[in-house]
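To keep things clear, I will list the structure first and then write my remarks on it.
The values are calculated or read from the model by the stated rules, or taken from the named source; none is laboratory data. Being a predicted model, the structure only gives us computed values, none of them experimental. Backbone-built Cβ (ideal geometry, glycine too); neighbour counts: all protein chains shown. Remember, those area values only see protein heavy atoms, side chains included, never the ligands or the DNA or RNA. Shrake-Rupley method; radii C 1.70, N 1.55, O 1.52, S 1.80 Å.
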Amino acid sequence: MKIDESMKKEIKEEMEKIQVPSSMYEFAKNIKEESEKRADFEKATGRKRGWRKSQFVVAAVISLVVLTGSAFLNPTMAEMASKIPYIGQIFHKPIHEVITEALVKEGYQPTSIGMGIWRQKPHFDISLEGTEEYVKQEEDKVLTILTEILEKKGYDNYELTVSDTNEVSPALKEIGNQREELGEKLMSDLQGAGYSIMNVNAYGPVVNVYIPIAYEAKKVEIYKASIELLKANDTPSQVQIITRDVSEEELKDKWMPVMRSIEEEFFLKKEYRVADISYSYKPEKVSITIMTNMKLSEVDTKETVTKIRKEITEFLDSEEVKTMTENQKYELIVQDKNGKDFPF
């Protein structure tokens, strides 16, 4: 569906009126930097990182905490944007904010909303203010509210838990402990083998190993070493080696709302069968890789892959997204459950 010219003109005029606080951009820009500083500090001091429920731990972290802001400041703009396919997703409130507002409206006091991918399914953990007895008493009501919210948005691929402020749900605690230990062990083993490793993110179904861009030629070697080390520790897993350049961070910030929109849509709907989404930000091209749980031989694979490609491509090729990303070139890769590119 195309946007008619009159609507495009109206959208453009409304967007020009929007004044977005500069602090919003600074907040988004500094999130990763502050996170890495904290990680470096903890490693330097030898402190053990505990599980933080207020932190998202999706493989490619679903950036639901960073608000787009603009459309929320302008009701006319928000109303128009919501009527536009694909681009409307960018201007919708992130799902964690929708959940928070709904619970507050019903008289609850949510203190944090954690979200992570575990065994290839998004898992929400909502913490409420109150005693353990109170939370257990209200748990069924809260779950009903949340289920209705997610189903209205067409989301059907998730799990929900409710806990009190002082308690970490067993499921998320297990995720945090196991994934943290896996990442730290792999990073230590790779560095011990003589490889220059910047970071290892093992919180998702695919373990991401980050290396300096200068080590591009060693990606295959490091990939093989990572697979062998994981197998030796009886933790077989999918691995992706990602090169990182400081200059890529500005590009990443620019694409953040776009990627967030893609992640929320494709992670939270069963029909797409998405296991992981990863990105590579290069000045010459942004690469988006969708890893699925499908096999080439399955009957509905081609139809599903074609739909994934069509919806993401139409979204990225819309004039609004092109304007946001300054017409940055991109490539879309869709893979099977073994990490092989689909031929269609």
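Can you pull out the residues in the range 320-344 that are open to solvent by less than 100 Å² (accessible area, probe 1.4 Å), of a type in the set (Lys, Arg) and touching a residue at least 24 places away in the same chain (Cβ under 8 Å)? Within the range 320-344, just LYS337 meets the criteria.
Any residue at all in the range 197-218 that's modelled with pLDDT under 90, touching a Lys or Arg at 6+ places or on another chain (Cβ under 7 Å), part of a helix (DSSP H, G or I) and open to solvent by 70 Å² or more (accessible area, probe 1.4 Å)? Looking through the range 197-218, at least one residue is modelled with pLDDT under 90, touching a Lys or Arg at 6+ places or on another chain (Cβ under 7 Å), part of a helix (DSSP H, G or I) and open to solvent by 70 Å² or more (accessible area, probe 1.4 Å). Which ones in the range 180-195 are more than 24 Å from THR289 (Cα to Cα) and either assigned to a loop (DSSP other than H, G, I, E, B) or hydrophobic (A, V, I, L, M, F, W, C) (or both)? If the condition is that a residue be more than 24 Å from THR289 (Cα to Cα) and either assigned to a loop (DSSP other than H, G, I, E, B) or hydrophobic (A, V, I, L, M, F, W, C) (or both), then LEU190, ALA193, GLY194, TYR195 are the ones that fit.
For the range 147-179, which residues satisfy the criterion of being in a helix (DSSP H, G or I) and modelled with pLDDT under 85? Selection gives PRO170, ALA171, LEU172, LYS173, GLU174, ILE175, GLY176, ASN177, GLN178, ARG179.
Taking the range 104-122 as the search range and keeping residues that are within 16 Å of the chain's Cα centre (by Cα) and open to solvent by 10 Å² or more (accessible area, probe 1.4 Å), which one is modelled with the highest pLDDT? Per the criteria, the residue is ILE113. Candidates in the range 133-167 are the residues that are closer than 18 Å to HIS96 by Cα and among the β-branched types (Val, Ile, Thr); of these, the one that is least open to solvent (accessible area, probe 1.4 Å) is VAL142.
Scanning the range 320-336 for residues that are part of a helix (DSSP H, G or I) and not hydrophobic (A, V, I, L, M, F, W, C) yields a count of 3.
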